[in-house]
Amino acid sequence: MKKIIAALMSLTIALSCAITPITVYGEKSYSSYGVTRFDESTQVKVKISYDELYGEAFKVLDIVNKERAANGLSPLKMDKGLLDTAMYRAAETSLYFDHVRPNGDMCYAANRKMRGENIAAGQTDAEIVMKSWMNSSGHKANILYSSYTSVGIGCVEVNGTKYWVQCFGDTAADTEVQASSYSSKVSESAEIVDLVENISLIISGNTDIKQGESTQLEVWTRNPGFTWVGTCFDPSCLTFTSSNPSVLTVAADGTISGVSGGKATVTVYIGGNTSTAVSVDVTVTGTPTKDDSSSSSSGSSTSGGNSSSGSSSDSSSSNSGNNSSSGSNNGGSTTVTKKSLSKGKITCGSTYAFTGKQIKPSVTVKVGSTKLKKNKDYTVKYSNNKKVGTATITVTGKGKYTGKLTKTFKINPAKQKIQKLTAKKKAFYIDYVQKNSATGYEIQYAKNSKFSKAKTVKVTKKKTDKKTISKLSGKKKYWVRVRSYTIVKGKKYTGAWSPVKTVTTKK
């Protein structure tokens, strides 16, 4: 993204390199800062885990107020809202280190009370980060700015690296909080909206395994601001696939299991966005899967003088003859009881976005605490999994297992995008994307970012992708978003809301 270079209140912005923080002052428009809004249709939602270090945050506050007292300034109060925002912003900077947020918004969108922000990464404690900031004229100016009265300080540790944020306010703290109200360290996780252009996935883990062996792959991304640090994603925001399940299966949490000797490619991408995909080749050492013609199938009967050893171990067939397989009980017959899938459970995602292609979610199948192996213990089929509606997954027992399990998931219309939003006299004009998967559209607008008391305009013609919303207040700011919907057999399926845009109507 484009770095911010601007001046406000006669203060100079200090640009950072590597781990030195950046400072932004005041609140201005995107165009004023020279920042271009990014293509919001490329947004994805990622989940990360981190530790919130409140002990370090309040140590920073103590040092800030000592510096202010030495300069004859009143102390800053820790505002609960700004504190929460600063912790979240610190997590955001682990993905994209900038005063522009990972989703392309300015940092001020995180909290309307913010009037300034300092950020830093890599410093190991409160004393070191404050020394870093105080040795920078821009950051020092923020810390010692006389109009600031409240602050939120964030410190999070993500995969061994600390990220620091100060969010300054010029109004009194709505709710002042003390260190005694917080544990020193709190484990947390959060979903963060990011732009695809900021994310480059990296797969790490053992890619040479043995047949019957399992190991978990991890997926990381490099922060574009650094070359030396990365962030690991929670598997719940990722989709894993295997190019050859007969050689290698991959579970929803990234656990790969060797089924037979050979090679397979594991591909991972964020949610349903295949444009983020990255792949790794995995080698499985073991016996390759034999052709079906070389072994007896489940339920068949084998006879003769030399039936293969163990041919009845995974079937309910009986074997007879002079030299029957092991387990045939000296020429008699043996029946192996299969386990039923009736009490099993299928785990996978519940909703996916329409892509125009068949959607085949990876599944995890368990019977009790036993995790079953695909193509050894069960097979998977998908139906109605291309168009918007309700799709079905059917798992059929194989080998030791019998019976079937089914699970449904929803395919919703694709996420919308606002292409153009133009102010008019007491009205605005909106141009959004026409979706082939849609029956109609819903345009929602409100006078606040939380969309409380929002109004919704329904467009029932799927080929209508433009609309003028009139009879509004003049010179008033509106928050606007749009989504597609599709009616299937009388049931309504709604897509994700587009990223929000704002417009100020003309008088």
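Data overview
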| quantity | calculated |
| --- | --- |
| Binned Cα-Cα distances of segment 89-145, short to long, each 10 Å bin given as a whole percent | 22, 48, 30, 0 |
| Computed magnitude of the charge dipole of segment 80-152 (debye, nearest 20; Cβ of K, R +1, Cβ of D, E -1) | 260 |
| Cα centroid separation - segment 434-455 against segment 78-153, whole Å | 33 |
| Fully extended contour minus Cα-Cα distance, from residue 187 to residue 453, at 0.36 nm per residue | 92.3 nm |
| Those aspartates and glutamates that a straight Cα-Cα span of less than 19 Å connects to residue 376, excepting residues fewer than 8 apart in one chain | 213, 291, 292, 314 |
| Over 22 Å [Cα-Cα, segment 366-468], rounded percent | 55 |
| Spin-label proximity, residue 263 to segment 237-257 - amide N less than 17 Å from point 7 Å beyond Cα toward beta carbon | 242-249 |
| Phi-based couplings in Hz for segment 141-151 (Karplus 6.51, -1.76, 1.60; Gly and Pro marked x) | 4, 5, 5, 9, 6, 5, 7, 6, 10, 9, 7 |
| Beta bridges by DSSP in segment 367-416, antiparallel share as percent, to the nearest 5 | 95 |
| Computed label-point distance, nm, for sites residue 124 and residue 206 using a 7 Å Cα→Cβ extension | 3.2 |
| Simple Cβ-charge dipole of segment 195-258, Lys/Arg +1 and Asp/Glu -1, about Cα centre, in debye nearest 20 | 80 |
| Convex hull of segment 155-202 built on C-alpha atoms - directionally averaged projected area, nm² | 5.9 |
| Unsatisfied cross-links (Cα-Cα over 26 Å) in the set 404/435; 415/506; 471/491; 458/501; 407/501; 415/507 | 404/435; 415/506; 471/491; 407/501; 415/507 |
| Cα Rg, Dmax (largest Cα-Cα span) when computed across segment 409-507, Å | 13.6, 47 |
| Per-residue ³J(HN,Hα) for segment 387-402, Karplus 6.51 cos²θ - 1.76 cosθ + 1.60, θ = phi - 60°, Hz, x for Gly and Pro | 8, 4, x, 10, 9, 10, 10, 10, 9, 10, x, 9, x, 6, 10, 9 |
| Phi to ³J(HN,Hα) by Karplus 6.51 cos²θ - 1.76 cosθ + 1.60 over segment 253-262, Hz, x for Gly, Pro | 8, x, 7, 9, 10, x, 9, 7, x, x |
| Bridge type composition, segment 386-507 - antiparallel percent by DSSP, nearest 5 | 95 |
| Residue 259 long-range amide H proximity, modeled H, under 5 Å | 212, 248, 249 |
| For residue 48, distant residues with modelled amide H under 5 Å away | 190, 192, 234 |
| Amide H within-cut-off set for residue 229, under 5 Å, with H built and near neighbours excluded | 223 |
| For segment 342-439, accessible area per residue (1.4 Å probe, heavy atoms of protein chains only), Å² | 54 |
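The values are calculated or read from the model by the stated rules, or taken from the named source; none is laboratory data. All values reported here derive from a predicted model rather than from experimental measurement. Cβ sites come from the backbone with ideal geometry, for glycine too, and all protein chains shown count toward neighbours. These area figures cover heavy atoms from the full protein model, side chains too; ligands, DNA and RNA do not enter into them. Shrake-Rupley method; radii C 1.70, N 1.55, O 1.52, S 1.80 Å.
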